Amino acid sequence: MGMSVTISAATGQDAEQIFRLQYLCFQSEAALYGNYRIDPLVQTLDSVREEVAADCVFVARLGQEVVGSVRGRATEDGAASIGKLCVHPRLQGHGIGARLLRAAESSLVEERGAKRFRLHTGHRSESNLRLYRRVGYETVGTAEGTDGVPMIVLEKPAETYATTA
Ligand SMILES: CC(C)(COP(=O)(O)OP(=O)(O)OC[C@H]1O[C@@H](n2cnc3c(N)ncnc32)[C@H](O)[C@@H]1OP(=O)(O)O)[C@@H](O)C(=O)NCCC(=O)NCCS
């Protein structure tokens with residue numbers, strides 16, 4: 001369809017666009033759970049800025065516009081956590097989400113020495129679960145979000161990254 005979306009590391013200047021994009025993208029999740037207090041909707045701009053400075057944050061860009069984002073963070077136990085994956089509603093279903101996920105995984109391995117990746121999604125978010133399972137994640141448990149939404153926790157070992165990239 002002639003669109004050229006590029007994936008790159010986010011800079012401080014992207015924080016505001018990421019903040020607005022996630023607010024837009026997670027409306028569908030909020031509606032699915034009837035809960036508008038989910039983390040991505042209540043996160044402050046300052047908190048997004050802090051994540052961009054400290055974590056492995058990637059953006060998808062179409063021209064000057066940020067149309068997708070993902071965050072990755074190393075944790076104590078070596079299972080890096082990946083979160084807040086989002087793609088602008090008008091550009092979903094073209095593989096941008098999967099590309100962002102790969103970019104986060106790759107940098108978590110190369111820059112943070114990740115051995116495993118962990119992510120979570122709401123228990124009723126079927127298309128998210130399909131995307132994660134397709135790229136090798138398996139359910140390892142359940143958790144309750146700070147907002148009370150039941151979540152499914154998925155993981156995959158980092159060594160599968162090399163073969164699925
Ligand atoms: C989850 C989300 C980031 C996925 O982004 P995306 O860019 O649409 O993801 P992809 O395009 O890689 O995959 C989505 C679907 O498009 C399909 N697809 C991917 N590339 C395609 C292509 N070139 N042509 C046709 N379909 C394609 C995939 O097979 C997948 O189909 P499925 O839903 O039936 O499994 C996006 O839907 C979103 O922002 N959702 C709201 C926020 C959210 O819930 N985030 C996840 C929190 S855990």
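The values are calculated or read from the model by the stated rules, or taken from the named source; none is laboratory data. On a predicted model such as this, the values are computed, not experimentally measured, just so you know. Every residue, glycine as well, gets a Cβ built from its backbone with ideal geometry; the counts of neighbours run over all protein chains shown.
Values as computed for the structure displayed
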read-out	value
Exclusive hit being closer than 15 Å to Asp14 by Cβ and either of a type in the set (Gly, Ala, Ser) or at pLDDT below 95 (or both), set Ala60, Ala80, Ala74	Ala60
In the range 76-88, residue nearest to Pro40 (Cα to Cα) [restricted to those that are surrounded by 12 or more Cβ atoms within 10 Å (Cβ to Cβ) and not hydrophobic (A, V, I, L, M, F, W, C)]	Lys84
Flag if Val153 is surrounded by fewer than 19 Cβ atoms within 10 Å (Cβ to Cβ), hydrophobic (A, V, I, L, M, F, W, C) and touching a residue at least 12 places away in the same chain (Cβ under 8 Å)	yes
Filtered residues of the range 89-108 (kept if near the ligand (Cβ under 8 Å from one of its atoms) and closer than 18 Å to Pro40 by Cβ)	Pro89, Leu91, Gln92, Ile96, Gly97, Leu100, Leu101
